[in-house]
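Taking it in order: structure first as structure tokens, then the write-up.
The values are calculated or read from the model by the stated rules, or taken from the named source; none is laboratory data. Remember, it's a predicted structure, so these values are computed and weren't measured experimentally. Glycine gets a Cβ as well: all are built from the backbone with ideal geometry, and neighbour counts include every protein chain shown.
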Amino acid sequence: MNQGKEIQNETMFQMVGAIAGLLFGAGLVISGMTSPEKVRGFLDFTGKWDPTLIFVMGGAVGVHFFAYRFIRGKQSPLFARAFQVPTRRDIEPKLVIGAAIFGIGWGLGGYCPGPAIVSLAQGSHVVLAFVVGMLASSWVVGKLDAQFEARKKACAETAKLQASSTGQQHATR
Amino acid sequence: MFETVWIIRGLVGGVLIGLAASLLLIANGRVAGISGILNQLMVPVRGVEFRWRLFFVIGLIVGGLIAQVLVGGAESLPPSLGTALVAGVLVGSGTRLANGCTSGHGVCGLSRLSVRSLVATVTFIATGALAVWLSNRLGG
């Protein structure tokens, strides 16, 4: 039953994407999370603190937690062959450094990616500047990171090859 | 000034976000991490995996507009154009390195009880608070 194509029902698969987007976007506006002032207010723990984000996270995680419970015994989602859920467990420096950099931008601008995209509808060049900066930097950092990882892998392989062919204990790059 | 109506609006909005992520997970088996979705749209591969993400992003904007018309939002903008650009660059590079943002690590990761996501979430809330504190003091 789960053999064959990865996507079992393309029409439904894409429709789900659209409906999930609609619900998500509406949720962000209703909860006030598209307002940088409210988000920065949440992060302003020593000032006039705005706790709204706690309720948003509580509502979202409160619901979504049960979805993960629900799929635990399931072989596959409704319209695709397999669940694609992150499984990594290692805490690597890149995770922490990236989250730290993201946090600074989040605090300065008051937008994370979702609310910034939703706010494009306001037609403001300030929102556009944020989104252009966000997409361009993500693209560039993605390219650099891929190059870096490839070089690291190549170095490791060369070192291994040298060590085995010449019998030397220490290999240079 | 925090008004109590935001408790209700926050919860209702949060539940909608949770339902959106749950629908995507149970029906499509995919994670509603918005930075990841945007990154995958910048990859030059077209197909059904590209299209659901495109429809998600279009839905995001349209859903926001509908809610704006029906109930109104809390409208505000980043402090300035320059701040917005710098903040955007930091958000883009940071979420790429960390493999996720508030939705991927915050909502989806925490729901999955992922330790990686917990570490990421605590980190970006901490540095976010620091950035707000500093910018308020430096008159930003």
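When only residues in region B:10-21 that are free of Cβ contacts under 8 Å to residues at least 40 places away in the same chain and buried (at least 24 other Cβ atoms within 10 Å of the Cβ) count, which is nearest to residue A:53 (Cα to Cα)? Applying the filter and picking the extreme gives B:10. For region B:2-54, a tally of residues being more than 7 Å from every other protein chain (Cβ to nearest Cβ), more than 18 Å from the chain's Cα centre (by Cα), farther than 23 Å from residue A:71 by Cα and of a type outside the set (Lys, Arg) returns 9.
With respect to (1) modelled with pLDDT of 95 or more; (2) charged (D, E, K, R); (3) over 29 Å from residue B:85 (Cβ atoms), the lone exception for residue A:44 is condition (3).
With respect to the conditions (1) in contact with a helix residue (DSSP H, G or I) (Cβ under 6 Å, 6 or more places away or on another chain); (2) assigned to a loop (DSSP other than H, G, I, E, B), residue A:116 falls short on a single one, namely (2). Within region A:49-75, if we keep just the residues that are facing chain B (nearest Cβ under 7 Å) and not in a helix (DSSP H, G or I), the residue that is surrounded by the fewest Cβ atoms within 10 Å (Cβ to Cβ) turns out to be A:51.
The requirement of being over 24 Å from the mean Cα position of the chain (by Cα), loosely packed, with under 11 Cβ neighbours inside 10 Å and at pLDDT below 95 is satisfied by residue A:166.
You will find that of A:129, A:82, A:100, A:121, the residue that is buried (at least 16 other Cβ atoms within 10 Å of the Cβ), more than 27 Å from residue A:26 (Cβ to Cβ) and at the interface with another protein chain (Cβ under 7 Å from one of its Cβ atoms) is A:100 and no other. Scanning region B:67-95 for residues that are over 18 Å from the mean Cα position of the chain (by Cα) and either polar (S, T, N, Q) or at the interface with chain A (Cβ under 7 Å from one of its Cβ atoms) (or both) gives B:71, B:80, B:81, B:83.
Residues in region B:74-95 that are among the acidic types (Asp, Glu) and part of a helix (DSSP H, G or I): 0 in all. Here residue A:46 clears all of (1) within 20 Å of residue B:11 (Cα to Cα); (2) within 7 Å of chain B (Cβ to nearest Cβ); (3) not in a helix (DSSP H, G or I); (4) not acidic (Asp, Glu) except the condition numbered (1).
The set of residues in region A:122-144 being in a helix (DSSP H, G or I) and at pLDDT below 95 consists of A:122 alone.
For region B:26-34, does any single residue satisfy the condition of being more than 21 Å from residue A:10 (Cβ to Cβ) and at pLDDT 95 or above? Yes, that holds for at least one residue.
Number of residues in region A:14-37 that are among the hydrophobic types (A, V, I, L, M, F, W, C) and either free of Cβ contacts under 8 Å to residues at least 40 places away in the same chain or surrounded by fewer than 24 Cβ atoms within 10 Å (Cβ to Cβ) (or both) equals 8.
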